[in-house]
Amino acid sequence: MDRSLLRSKFRGSMLGTGVGDALGRPVEGCAPRLVEEPPEFDGRYTDDTEMTIGVAESLVEVGGFDGEHMIKTFMRNYDPKRGYGPGPPAVFRLIELGERWDTASMILFGGRGSFGNGAAMRAAPVGLLYFDEPEELRRVAERSSLLTHAHPLGVEGAVIQAYAVALAVKTNPSSFDPRDFLEELESFSREEVYREALRDAARLLNEKADKKKVISRLGNGVEAFRSVPTAVYCFAANAESFEKAVLYAVSLGGDADTIGAMAGAISGAYHGEDKIPVEWVKRLEKAEYIALLADKLLELKLKEK
Ligand code: F2R
Ligand code: MG
Ligand code: MG
């Protein structure tokens, strides 16, 4: 693939995360019926984008994955005003109190670890850097997830989100089939909960299901398994337009910023930067820096070759 197309796709995915997150922020936690109009876009992003920036910064600064560096980057960037779930800040506190960085997340939720979508929502940079190396993608998605989300379903959510971004980078929109896309994700997944949800997503596509049915079958919650397949579906059912995919994602309400961020990451990787409405990118906080991180991820990718 030519370098300028890859650059546009890397930028599209990173900016798409920020745009989807900022668009969903004002309606996070709302019932879908309250999100009938597109929310006002003020460009302010939340923990989803802050952590995605952290993943990208760490991969770029180290030149690959280093768990201790990545968790310290999350801790350095942590701004409580960004609306974090309870899990990650609890892990940061445990580490500050002397807990080991590589086991702290396992203490959460009675020793089961978190299955929240907090690792999946930040997985786009992993999907970009390893878009043509599926085994390495899985390894890094798992290990970067484990830093805060140790439950197998939290981890697998991050793997699927990263792989969806990777597939979107590789896909040429002129020959895209959403059913093949869902099937490939399903065959990559190692957890039956996700395989079943991805099969459900394909059925919903065939049925041209309404929003109520999509929410009741796939979910719009904070659990990774009730939001990652939903975000994938939002992209697959609206692949013709970035704008349509993210507006549809946030219109589902519930965890709207996160479903918006994940659908935006996939859709942005598929369409590239130029298909994201210019007004949204102009208003997005730190858009230039986010685009620069995308460029640095691409430089690193091309250096590896
Ligand atoms: N936290 C929010 N939004 C709340 C409102 C923010 C408000 N607008 C504001 O500005 O203050 N959003 C962000 O959190 C979600 C990601 O959460 P994450 O990082 O996964 O957190 P956590 O705590 O690990 O998991 C979330 C919840 O899931 C349930 N849960 C997880 N594992 C569980 C387990 N093993 N057993 C039982 N329950 C489990 C818990 O309720 C967790 O608190 C994103 O939406 C992001 O935008
Ligand atoms: Mg958020
Ligand atoms: Mg959220």
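The values are calculated or read from the model by the stated rules, or taken from the named source; none is laboratory data. Bear in mind that the values here come from a model prediction, so they are computed numbers and not experimental data. Cβ sites come from the backbone with ideal geometry, for glycine too, and all protein chains shown count toward neighbours.
Below, the figures for the structure above:
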| quantity | calculated |
| --- | --- |
| Conditions (1) charged (D, E, K, R); (2) surrounded by fewer than 17 Cβ atoms within 10 Å (Cβ to Cβ); (3) touching a Phe, Trp or Tyr at 6+ places or on another chain (Cβ under 8 Å); (4) within 20 Å of Ala162 (Cα to Cα); number of the one not met by Glu68 | (4) |
| Residue in region 188-198 that is assigned to a helix (DSSP H, G or I), in contact with a Lys or Arg (Cβ under 9 Å, 6 or more places away or on another chain) and either buried (at least 19 other Cβ atoms within 10 Å of the Cβ) or not charged (D, E, K, R) (or both) present | yes |
| Test for Val281: is it among the β-branched types (Val, Ile, Thr), at pLDDT 95 or above and within 16 Å of ligand 1 (Cβ to nearest atom) | no |
| The lone exception for Ala239 - which of (1) at pLDDT below 95; (2) over 22 Å from Cys30 (Cα atoms); (3) among the aliphatic types (A, V, I, L, M) it fails | (1) |
| The lone exception for Asn172 - which of (1) more than 18 Å from Gly67 (Cβ to Cβ); (2) at pLDDT 95 or above it fails | (2) |
| Residue tally, condition acidic (Asp, Glu), out of contact with any Ser or Thr (no Cβ under 8 Å at 6 or more places or on another chain) and farther than 20 Å from Asn206 by Cα, over region 224-265 | 1 |
| Residue list for region 236-250, restricted to those being surrounded by 24 or more Cβ atoms within 10 Å (Cβ to Cβ) and more than 14 Å from ligand 2 (Cβ to nearest atom) | Ala236, Phe242, Ala245, Val246 |
| Inter-residue pairs, beta-carbon under 8 Å, first within 11 Å of Pro86 (Cα to Cα) and in region 108-119, second among the acidic types (Asp, Glu), 6+ apart | Gly116/Glu223; Gly118/Asp47 |
| Region 91-132, subset under 25 Å from Gly18 (Cβ atoms) and surrounded by fewer than 24 Cβ atoms within 10 Å (Cβ to Cβ), residue nearest to ligand 1 (Cβ to nearest atom) | Phe92 |
| Matching residues, region 17-52, being more than 13 Å from ligand 2 (Cβ to nearest atom) and either at pLDDT 90 or above or of a type in the set (Gly, Ala, Ser) (or both) | Val19, Ala31, Phe41, Asp42, Gly43 |
| Search result, residues across region 7-52 that are assigned to a helix (DSSP H, G or I), surrounded by fewer than 18 Cβ atoms within 10 Å (Cβ to Cβ) and not charged (D, E, K, R) | Pro26, Leu34 |
| The listed residue being in a helix (DSSP H, G or I), among the small types (Gly, Ala, Ser), touching a residue at least 24 places away in the same chain (Cβ under 8 Å) and farther than 25 Å from Asp132 by Cα, out of Ala261, Ala291, Ala249, Ala236 | Ala249 |
| Candidates Leu94, Leu59, filtered to the one that is without any contact (Cβ under 8 Å) to a residue 40 or more places away in the chain, away from ligand 2 (no atom under 16 Å from the Cβ) and part of a helix (DSSP H, G or I) | Leu94 |
| Residues that are of a type in the set (Val, Ile, Thr) and within 15 Å of Glu223 (Cβ to Cβ), drawn from region 243-270 | Thr258, Ile259 |
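A quick yes/no check of all residues on (1) under 28 Å from Tyr270 (Cα atoms); (2) aliphatic (A, V, I, L, M); (3) at pLDDT 95 or above:
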site	(1), (2), (3)
Pro88	no, no, yes
Gly110	no, no, yes
Asn117	yes, no, yes
Ala124	yes, yes, yes
